[in-house]
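One structure is given below, encoded as structure tokens.
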2 protein chains.
Amino acid sequence: MPTSTVENYLKAILVHSSDKDAVVATGTLAEALGVTPGTITTMVKSMAARGLLEHQPREGVRLTAEGRAVALAVVRKHRLIETFLVQVLKMDWKEVHEEAEALEHALSDRVLLRIDAILGHPTSDPHGDPIPSPKAPALDRGKGATLATCEVQRPLRVERILDQSPPFLEFIQRTGLKPGARVRVRERDHTSGIVRCELKEGEATLGLPEAAKIDVRPL
Amino acid sequence: MPTSTVENYLKAILVHSSDKDAVVATGTLAEALGVTPGTITTMVKSMAARGLLEHQPREGVRLTAEGRAVALAVVRKHRLIETFLVQVLKMDWKEVHEEAEALEHALSDRVLLRIDAILGHPTSDPHGDPIPSPKAPALDRGKGATLATCEVQRPLRVERILDQSPPFLEFIQRTGLKPGARVRVRERDHTSGIVRCELKEGEATLGLPEAAKIDVRPL
DNA sequence: ATTTTGTCTTTGATTAATCAAATACTCGTT
DNA sequence: AACGAGTATTTGATTAATCAAAGACAAAAT
Ligand SMILES: [Mn+2]
Ligand SMILES: [Mn+2]
Ligand SMILES: [Mn+2]
Ligand SMILES: [Mn+2]
């Protein structure tokens, strides 16, 4: 069985491979995992030997089918845990990511089945991130619109929050721009870099880079 | 922060120190933790250096106040988790020990607080083991009667199951001798080594060593 | 007072994960 | 073609946890 370190490495590779079989640079992983580049090279070589990924020296890494399956299972566990912590234990959505980061390596599949059933087999977590199914279909990396790119004046629904740092989530909560909320972009000004939105609760104004962190869907 | 290995060592020492400041032999720990004696000696020396316990070479170990506090916190976490898994997630009490063994090292105090609140601050776990309070008072190691020592014919209540191996728990469940159940010893025969009990569900017969694994209280 | 036995401790290795610092590539620029 | 900048890999250590096998000790048996 993979150690929790290996599980974290696999997850990081998965979420950093934008598309199908894009290679991820070892430097990207060093950054994402907070370790030195040399550590990544060493770990990656041993994971390649175990068949979890392929390593093109000086190029990057790509998950094998087995590595991807493990990574998807970990992501699924992580997101179901987050959902459970928020919906059942009534925890703050700003703190659940950290908790899930540890619990995803300790929770058995048996417990996960119970949690999934109690939650009614949810398909997205509190941040709007999709929960991969147990049969492990692809992880759809937001190919839709964001508040920075969507049509102005069109009625929309917030789909997903891409930046999950506590301060950003705090802002989202304050303005009401949470997943599921109805919203309409009133004005987008590329000169001032400002996006003004209208929600049921009132108005929210944010910068373009921030608006790009909020996935939306027309309707 | 202690690693999960250190937490497991501390817990093992705690549950094996029958009384206050009894020393625990390193061999006992090797047996309990499933590692070689040499490993225990090495670990114990490093834990002593960290102030978690005292080591009398060739004698045994004794927890310091700090070591005991950590151990009690881990035991509390373990038992609250077991209770939660049974009561909220509706899991089988035969499998929760194993789950808790891993989760006790990953669950934060924040989550534990929520679990404790949702359960209504329980004082014993599904096996009848007491849940140490957060202020960490002593862990009362069953000083009461068992089905092997109690008065015959007296109405009793099952308090606690001391053997938590799945097969024994399976037997307990089948006979209905679970914590909380009312029971009365009909006959105890030291020649045949048999104890016959009467419960609401009918009768249960078990051997003396097995009867000694079931704590009871008059009433 | 020896010897034996059973328990502990030491010693020397191993595996996983990590770092710092030295070294080696690869590209894009002179 | 040579150089320099930016990455990536190697190398040599370190820490935690573990084992096997050798050695030390203390209590019990002779
Ligand atoms: Mn993690
Ligand atoms: Mn999430
Ligand atoms: Mn444990
Ligand atoms: Mn228990």
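The values are calculated or read from the model by the stated rules, or taken from the named source; none is laboratory data. These numbers were taken from a predicted model, which means no experiment stands behind them. Heads up, the Cβs are rebuilt from the backbone with ideal geometry, glycines too, and the neighbour counts pull from every protein chain shown.
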For this session: From B:LEU63, B:LEU10, B:LEU14, B:LEU29, grab the single residue that is among the aliphatic types (A, V, I, L, M) and within 16 Å of ligand 4 (Cβ to nearest atom).
Result: B:LEU14
Exercise. Quick check: is even one residue across region B:62-76 free of Cβ contacts under 8 Å to residues at least 40 places away in the same chain and small (Gly, Ala, Ser)?
Worked result: yes
Problem set entry | Tabulated pairs, region A:130-154, first among the hydroxyl-bearing types (Ser, Thr, Tyr), second at pLDDT 70 or above and not in a strand (DSSP E or B), C-beta under 6 angstrom, 6+ apart or interchain | A:THR146/A:ALA212
Exercise. Is there any pair linking a residue in region A:98-121 that is away from DNA strand D (no atom under 16 Å from the Cβ) to one that is of a type in the set (Val, Ile, Thr), with Cβ under 7 Å and at least six apart or on different chains, and which?
Worked result: A:GLU99/B:VAL111; A:ALA100/A:ILE81; A:LEU103/A:ILE81; A:GLU104/A:VAL74; A:GLU104/A:ILE81; A:LEU107/A:ILE81; A:ILE118/A:VAL88; A:LEU119/A:THR83
Problem set entry | Cβ-Cβ under 9 Å pairs, at least 6 apart or on other chains, region B:34-46 side closer than 16 Å to B:LEU10 by Cβ and in a loop (DSSP other than H, G, I, E, B), far side away from ligand 1 (no atom under 16 Å from the Cβ) and not polar (S, T, N, Q) | B:VAL35/B:LEU29; B:VAL35/B:MET43
For this session: State yes or no: is B:THR123 outside the structural domain of B:GLU210 (by TED's automatic domain parsing), hydroxyl-bearing (Ser, Thr, Tyr) and closer than 24 Å to B:PRO218 by Cβ?
Result: yes
Exercise. Of the residues in region B:200-212, how many are modelled with pLDDT under 90 and either under 16 Å from B:GLY128 (Cα atoms) or part of a loop (DSSP other than H, G, I, E, B) (or both)?
Worked result: 1
Problem set entry | Candidates B:PRO126, B:PRO122, B:PRO57, B:PRO37 - the one that is out of contact with any Pro (no Cβ under 9 Å at 6 or more places or on another chain) and within 30 Å of A:GLU98 (Cα to Cα) | B:PRO122
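Residue-wise test of (1) in contact with a helix residue (DSSP H, G or I) (Cβ under 6 Å, 6 or more places away or on another chain); (2) within 23 Å of A:LEU14 (Cα to Cα).
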{"site": "A:THR149", "(1), (2)": "no, no"}
{"site": "A:ARG154", "(1), (2)": "no, no"}
{"site": "A:PHE171", "(1), (2)": "no, no"}
{"site": "A:THR175", "(1), (2)": "no, no"}
{"site": "A:ARG188", "(1), (2)": "no, no"}
{"site": "A:GLY193", "(1), (2)": "yes, no"}
{"site": "A:GLU201", "(1), (2)": "no, no"}
{"site": "A:LYS213", "(1), (2)": "no, yes"}
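Residue by residue, here is whether (1) within 12 Å of chain A (Cβ to nearest Cβ); (2) small (Gly, Ala, Ser); (3) within 25 Å of A:ARG110 (Cα to Cα) holds:
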{"site": "B:VAL88", "(1), (2), (3)": "yes, no, yes"}
{"site": "B:MET91", "(1), (2), (3)": "yes, no, yes"}
{"site": "B:GLU98", "(1), (2), (3)": "yes, no, yes"}
{"site": "B:LYS143", "(1), (2), (3)": "no, no, no"}
{"site": "B:ALA148", "(1), (2), (3)": "no, yes, no"}
{"site": "B:GLU151", "(1), (2), (3)": "no, no, no"}
{"site": "B:VAL158", "(1), (2), (3)": "no, no, no"}
{"site": "B:ILE161", "(1), (2), (3)": "no, no, yes"}
{"site": "B:GLN164", "(1), (2), (3)": "no, no, yes"}
Exercise. Take the residues of region B:84-97 that are touching a residue at least 60 places away in the same chain (Cβ under 8 Å) and not charged (D, E, K, R): which is nearest to ligand 3 (Cβ to nearest atom)?
Worked result: B:HIS97
For this session: Report whether or not A:SER133 is within 24 Å of B:SER108 (Cβ to Cβ) and of a type in the set (Ser, Thr, Tyr).
Result: no
Exercise. Mind checking which pairs have a first residue in region B:1-26 that is without any contact (Cβ under 8 Å) to a residue 24 or more places away in the chain and part of a helix (DSSP H, G or I) and a second that is near DNA strand D (Cβ under 9 Å from one of its atoms) and of a type outside the set (Phe, Trp, Tyr), Cβ under 7 Å, 6 or more apart or different chains?
Worked result: B:ALA12/B:LEU33
Exercise. From the list A:ASP116, A:ASP163, A:ASP215, A:ASP140, which residue is of a type outside the set (Gly, Ala, Ser), closer than 30 Å to A:ASP21 by Cβ and modelled with pLDDT of 95 or more?
Worked result: A:ASP116
Exercise. Inside region B:163-202, can you point out the residues that are closer than 19 Å to B:GLU95 by Cβ and touching a Pro at 6+ places or on another chain (Cβ under 8 Å)?
Worked result: B:PRO179
For this session: For residues that are more than 17 Å from A:MET1 (Cβ to Cβ) and part of a helix (DSSP H, G or I), scanning just region A:47-67, find the one that is modelled with the lowest pLDDT.
Result: A:ALA65
For this session: Might you let me know whether region B:4-24 holds any residue that is surrounded by fewer than 17 Cβ atoms within 10 Å (Cβ to Cβ), modelled with pLDDT of 95 or more and within 16 Å of ligand 1 (Cβ to nearest atom)?
Result: yes
Exercise. Mind checking whether some residue in region B:37-47 is within 14 Å of chain A (Cβ to nearest Cβ) and either closer than 30 Å to A:ARG110 by Cβ or surrounded by 14 or more Cβ atoms within 10 Å (Cβ to Cβ) (or both)?
Worked result: no
Problem set entry | Counted residues, region B:179-209 - those being within 24 Å of B:HIS97 (Cβ to Cβ) and touching a residue at least 60 places away in the same chain (Cβ under 8 Å) | 1
